[in-house]
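Bear in mind that the values in this text are calculations on the coordinates, not laboratory data. None of the values given here were measured: they were computed from a predicted structure. All Cβ positions, glycine included, derive from the backbone under ideal geometry; neighbour counts span all protein chains shown.
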């Protein structure tokens, strides 16, 4: 919310590419809106901020589900959170 609204685009780590984040998250958010992914809360399809929130929860609680559904997002979150929960 650093730009005034929740939009699913958090401040990046210095070694992350914001354009890559935007491309992958946009692509996978669009996919999530039309395809049911096992273990991912459908509330995440509401908007990009909720998508990020839902995926962050899955990243920490059931990371294999995120890897199975969106492996590129899992890899970005490893860099973002600087953790490897798998």
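Calculate the FRET efficiency for residue 23 and residue 68 from the Cβ-Cβ distance with a Förster distance of 22 Å, rounded to the nearest 0.05. List each step's numbers first, then the result.
Details: r = 21 Å, r/R0 = 0.95.
Working from the Cβ atoms, E equals 0.60.
Which three extents, in whole angstrom, do the alpha-carbon atoms of the chain cover along their principal axes, largest first?
32, 27, 19
Could you calculate the FRET efficiency of residue 79 with residue 46 from 1/(1 + (r/R0)^6), where r is the beta carbon distance between them and R0 is 22 Å, rounded to 0.05?
0.30
I need 73, 24 ordered by Cβ neighbour count within 10 Å, fewest first. Mind dumping the intermediate values first?
Working: 73 25, 24 16.
The most exposed by this proxy come first: 24, 73.
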